[in-house]
Amino acid sequence: MADKNKKLPLIEQVPVKKPVKKGLLDFVKMKRNGVPAAWITAYDLPFAYAAEKAGVDMILVGDSGGMVQLGYATTNPVTMDEMIILAKSARRGAPNTFLIGDMPQGSYEPSERDAVLSALRFIKEAGCDAIKCEGGQRIIPKVKAMVDAGILVMGHLGLTPQSTASFGGYKVQGKSVKSFDKTMEDALALQKAGAYALLLEAMPSEPAEQIAKELSIPVYGIGAGTGIDGQLVIMHDLMGFYQAFRPWFAKCYIPEVVQEFADYLKNLPDVRRIGRDERKDGLLVLAEMAIAKYVADVRAKQFPGAEYSYPIKKEELAALAASKYWK
Ligand code: KIV
């Protein structure tokens, strides 16, 4: 029988805590095991904190923060300095969650050197774990330079908001053979250049699923159906904070949890009994509940349902079968 009073050698007294932050290998494993990853954007401490508590797999400090947080009309004006401030705040709120910094327009296109230096700012100044940038074959030299510098790079294809002008506005992608083939070729080029993951934005479920199956790296989606390796949502869409523009895939989760929140409040002990610091009765709890419900729905492949996915007509789908990449 073990002697409880016997002193443990010093090394055994140090509590070995398994780090909770997920990393690259976890994401690959999740893809292999068919477990969808749930992630969300955050741009500040309170919401990043709520996201971490709710159990998201990753957080993106998106350049969408330029719109939903800073009030610009598009994502284009947001600067690298502004992104760093947002990313630092999010990191302080979620110290144990894989954090991705979104490269703003102008921070990576001019040269490979610009791309590496901007990406390193996210890593070194803000404590990000990876970066994301928009574009396919046209940015491959920059992706390779960042990967060579030891940076984890996520690609972003489909609807890429920084270049909406060249798409002729916010348009759903991947519905024609031309658009699908281009996205597939860009995706394969990004994978070959060393991108560790890919995000597809605004694409019907079927073509997005084909791309996710073709690639060995995780392929996530925002408005790209459920046949991929995980979902991203914009925090302000999930909370119902952003009213200027509501994309097809933007689901507000507050109505889903408001009853749970009301029941929770009813059962909270009186503040004089538990102390002010312990009484959690505000928006932070409601936000955490909403994000946790989203995470559960993603895991169960219930989000996005048909209501929040881009439809594709039967004829369009049949035409896609002519693509050499369609399986
Ligand atoms: O900036 C962002 O949040 C994004 C998503 C829209 C994909 O890039």
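Any residue that is aromatic (F, W, Y) and under 20 Å from D26 (Cα atoms) - is there at least one of those in the stretch 165-186?
Scanning the stretch 165-186 turns up no residue that is aromatic (F, W, Y) and under 20 Å from D26 (Cα atoms).
Which one of these does A292 not meet: (1) open to solvent by less than 50 Å² (accessible area, probe 1.4 Å); (2) within 16 Å of the ligand (Cβ to nearest atom)?
(2)
Out of all the residues in the stretch 144-164, which are away from the ligand (no atom under 16 Å from the Cβ), more than 19 Å from the chain's Cα centre (by Cα) and of a type outside the set (D, E)?
Within the stretch 144-164, K144, A145, M146, V147, A149, G150 qualify.
In the stretch 110-122, how many residues are buried (at least 20 other Cβ atoms within 10 Å of the Cβ) and among the aliphatic types (A, V, I, L, M)?
2
How do the helices (runs of 4 or more DSSP H) wholly within the stretch 138-253 filter down when requiring 3 or more residues that are open to solvent by 50 Å² or more (accessible area, probe 1.4 Å): which remain?
140-148, 164-167, 177-193, 205-214
Whether any residue in the stretch 125-135 is in contact (Cβ under 8 Å) with a residue 24 or more places away in the chain, more than 19 Å from the chain's Cα centre (by Cα) and outside any strand (DSSP E or B) is what I want to check.
Checked against the condition, which is being in contact (Cβ under 8 Å) with a residue 24 or more places away in the chain, more than 19 Å from the chain's Cα centre (by Cα) and outside any strand (DSSP E or B), the stretch 125-135 yields at least one hit.
Kindly establish whether G240 is closer than 27 Å to M67 by Cα and within 16 Å of the ligand (Cβ to nearest atom).
Judged against the criteria, G240 is not a match.
Within the stretch 47-56, track down each residue that is more than 15 Å from the ligand (Cβ to nearest atom) and crowded, with 22+ Cβ neighbours inside 10 Å.
Scanning the stretch 47-56 gives A50, E52.
Filter the stretch 87-124 for residues that are of a type in the set (V, I, T) and either in contact with a strand residue (DSSP E or B) (Cβ under 6 Å, 6 or more places away or on another chain) or closer than 14 Å to Y43 by Cα (or both) and give the result.
T97, I100
So which residues in the stretch 63-93 are among the small types (G, A, S) and either surrounded by 23 or more Cβ atoms within 10 Å (Cβ to Cβ) or within 13 Å of the ligand (Cβ to nearest atom) (or both)?
S64, G65, G66, A87, A90
Scan the stretch 286-316 for residues that are at pLDDT 95 or above, assigned to a helix (DSSP H, G or I) and of a type in the set (A, V, I, L, M, F, W, C) and report the count.
Result for the stretch 286-316: 9.
Being more than 16 Å from the chain's Cα centre (by Cα) and over 19 Å from K327 (Cα atoms) is the filter here; which residues of the stretch 199-246 pass it?
G240, F241, Y242, Q243, A244, F245, R246 - these are the residues of the stretch 199-246 that are more than 16 Å from the chain's Cα centre (by Cα) and over 19 Å from K327 (Cα atoms).
The values are calculated or read from the model by the stated rules, or taken from the named source; none is laboratory data. The structure displayed is predicted, hence computed values, not measured ones. Cβ: placed from backbone, ideal geometry, glycine included. Neighbour counts: every protein chain shown. The accessibility values were calculated without ligands, DNA or RNA, using every heavy atom of the protein model including side chains. Shrake-Rupley method; radii C 1.70, N 1.55, O 1.52, S 1.80 Å.
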